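Working notes for the structure below.
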Amino acid sequence: MAWEVGDLLDSLGALDRRRVVAPDALPGAPDASLQIVTSPTTARPLAGVRLDSTDALDAAIGAAHEGFLAWRRVPAPVRGQVVRAIGDEFRRHKAALGRIISLEVGKITAEGQGEVQEVVDIADFAVGLSRQLYGMTMPSERPDHRIIEQWLPLGPIGVVTAFNFPCAVWGWNAMLAAVCGDSVLWKPSLAAPLTAIACHAIADRVAASMGHTGVFHLAIGSDEQVGEPLIADRRLPLISATGSCRMGRRVGQVVAGRLGRCLLELGGNNAAIVEPDADLGIAIPSIVFGAVGTAGQRCTTTRRLLVHRSIADDAVARLVRAYETIKVGDPLAPGVLVGPLINQQAVDGYLSAIDAAKQQGATIVTGGTRVGPEHTQPAGLKGHFVRPAIVRAPASNDLPIARDETFAPILYVFTYDALDEAIAMNNAVDQGLSSAIFTASSRAAERFLHPSGAGSDCGLAYVNLGTSGAEIGGAFGGEKDTGGGRESGSDSWKAYMRRQTCSIGFANNVTLAQGIRFE
Ligand code: NAD
């Protein structure tokens, strides 16, 4: 029987038959140690994946620690060369890796490959960084003394990832951690272990071929058997965790309980403000991509549209026209822009949010329903499809369901009269990841980005760009319930290192700081 995922893994040298089981070899009876990975597009099994036990995790953490002890001694620019070779391999295998992502989590081809490109980009960035892990020098108050700051490798890093970026988020963490001299232990989502197996195999093989074993590690298992013991383990000084706010609260507590460090990248509830002078030729396509791209399953998805009352009807009418052209179906089929949600639970979450919105007085302008097999592109797909929805809040703007992050394509539309009101609405949710304003006025844009902090309270603030689709060069992350972490570009690398302040005396006598005499 044809087994596409198996062939793709094989082409990448990543088909370990002890780990991955073909659909026709799956056992008839339930087996707790085997995760069945189901296609969100067809609802049929793609493969089985053998899960790690708590003992296997313990061994992996031990191996990551051993690997770290050797890797940290490799000069940083040499570590950069290994990351360069990994980036080249991801470049070479972009199409195959992108296809595995599409099959496993339902991203359209461009978005699946775009994720792989993010790994290539962050690898390039990390190679440059490997020669720029700069410390500072500062003047000492004492004669014949010197103070410097140096950045040192931190240890094995635990990386916990969400299903919706099954490759890029690991790449952001792993490429930076590797140039910083850390080994990496990755625990992927159980909804996307096949992408993880492929990415890990490539990185591990490249590093080993250059003489560096033990840098990259993978543990796949349930939250009880693997997730919880991983975050609790003192051998992992940093846990970088991406996922829901619920998960972040738990990880934050457990890691704080052992006084470890956390880098949390959690849920968003992102708004776009549309001012009366906005260029709708820019705003409408940006909002559509932000709201329906990845079927609304991005942390940066546009979930709330705050539109000036004078142009609200026109903007909504244009959005509806754009939504009506969107094809929902097989993410690998040409012309399809919206693939499936990840599973049935996600469809249920979408439908219950739509119900709640109706009960709270909102109007469903378009969408709001499941897409049955007869209406998919091509017809007959039995996966988890929904029609992207636009929901207009009641005149009071009181719509409690819009405070939640429902991980699906629902765009709630609110109207406002004054920019300050819109900025207050942007900030009036618990999450603080991404935000956008569309305007031709530099005054309005500057108020949104106000240097006092009185504008958007989010980690990402865009002008005349949608809320999703960040570049790797800037620090990525959000405030409030989004967790406060920063990953990817800028100086995010500092999270993966420890800072040491070194004071060196070369005087012939003892001088104490603060002028203290102790004689
Ligand atoms: P999730 O919280 O269900 O799972 C995320 C990861 O955490 C998985 O690997 C899961 O197994 C693990 N996990 C859950 N509980 C754990 C525990 N107690 N101990 C250890 N690990 C545990 O999230 P999801 O459904 O996979 O992803 C969607 C969510 O992720 C959304 O809220 C989205 O906004 C968020 N997300 C945020 C970012 C960001 O950068 N801010 C990026 C991608 C996704």
Open item on the list: If a residue must be buried (at least 21 other Cβ atoms within 10 Å of the Cβ) and within 16 Å of the ligand (Cβ to nearest atom), how many such residues does segment 309-347 contain?
Closed with: 5
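When you scan segment 30-44, do you find a residue that is in a helix (DSSP H, G or I) and of a type in the set (A, V, I, L, M, F, W, C), even just one? So that I can check it myself, show each step before the final result.
Here is the first cut: in segment 30-44, the residues in a helix (DSSP H, G or I) are none.
So far as segment 30-44 goes, no, none of its residues is in a helix (DSSP H, G or I) and of a type in the set (A, V, I, L, M, F, W, C).
Is it the case that some residue within segment 475-492 is more than 17 Å from the chain's Cα centre (by Cα) and not assigned by TED's automatic domain parsing to the domain that holds Ala295? If you could, list the steps in order and put the result at the bottom.
If we filter segment 475-492 for residues that are more than 17 Å from the chain's Cα centre (by Cα), which is where we start, we get 491.
Keeping just the survivors that are not assigned by TED's automatic domain parsing to the domain that holds Ala295 gives 491.
Within segment 475-492 (the criterion being more than 17 Å from the chain's Cα centre (by Cα) and not assigned by TED's automatic domain parsing to the domain that holds Ala295), the answer is yes, since at least one residue qualifies.
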Task: Residue in segment 177-198 that is surrounded by fewer than 24 Cβ atoms within 10 Å (Cβ to Cβ) and at positive phi present - done: no
Open item on the list: Taking the condition of being among the basic types (Lys, Arg) and within 16 Å of the ligand (Cβ to nearest atom), how many residues in segment 460-515 meet it?
Closed with: 2
Open item on the list: Residues that are surrounded by fewer than 16 Cβ atoms within 10 Å (Cβ to Cβ), touching an Asp or Glu at 6+ places or on another chain (Cβ under 8 Å) and at pLDDT 95 or above: does segment 423-435 have at least one?
Closed with: yes
- [ ] Would you kindly identify the helices (runs of 4 or more DSSP H) lying entirely within segment 93-206 that contain at least 2 residues that are touching a Ser or Thr at 6+ places or on another chain (Cβ under 7 Å), closer than 21 Å to Ala14 by Cβ and more than 16 Å from the ligand (Cβ to nearest atom)?
- [x] 94-105
Task: Of residues in segment 262-288 being in contact with a helix residue (DSSP H, G or I) (Cβ under 7 Å, 6 or more places away or on another chain) and over 18 Å from Ser456 (Cβ atoms), the one farthest from the ligand (Cβ to nearest atom) - done: Pro276
TODO: Please give the number of the condition Gly155 fails out of (1) more than 20 Å from the chain's Cα centre (by Cα); (2) at negative phi.
DONE: (2)
- [ ] Would you mind finding the one in Leu230, Leu236 that is assigned to a helix (DSSP H, G or I) and either more than 10 Å from the ligand (Cβ to nearest atom) or more than 30 Å from Ile390 (Cα to Cα) (or both)?
- [x] Leu230
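Evaluate segment 210-223: report whether one residue or more is in a helix (DSSP H, G or I), crowded, with 24+ Cβ neighbours inside 10 Å and in contact (Cβ under 8 Å) with a residue 40 or more places away in the chain. Let's see the steps before the verdict.
Step one: of segment 210-223, the residues in a helix (DSSP H, G or I) are 223.
With the extra rule that they be crowded, with 24+ Cβ neighbours inside 10 Å, the set shrinks to none.
Checking segment 210-223: not a single residue is in a helix (DSSP H, G or I), crowded, with 24+ Cβ neighbours inside 10 Å and in contact (Cβ under 8 Å) with a residue 40 or more places away in the chain.
Looking at Asp7, Asp24, Asp58, can you tell me which residue is assigned to a helix (DSSP H, G or I), in contact (Cβ under 8 Å) with a residue 12 or more places away in the chain and not assigned by TED's automatic domain parsing to the domain that holds Trp151? Walk me through how you get there before you give the answer.
Details: Asp7 fails: in contact (Cβ under 8 Å) with a residue 12 or more places away in the chain; Asp58 fails: not assigned by TED's automatic domain parsing to the domain that holds Trp151.
Of the residues listed, the single one that is assigned to a helix (DSSP H, G or I), in contact (Cβ under 8 Å) with a residue 12 or more places away in the chain and not assigned by TED's automatic domain parsing to the domain that holds Trp151 is Asp24.
The values are calculated or read from the model by the stated rules, or taken from the named source; none is laboratory data. Only a predicted model underlies this, so the values are computations on that prediction, with no experimental measurement involved. Glycine gets a Cβ as well: all are built from the backbone with ideal geometry, and neighbour counts include every protein chain shown.
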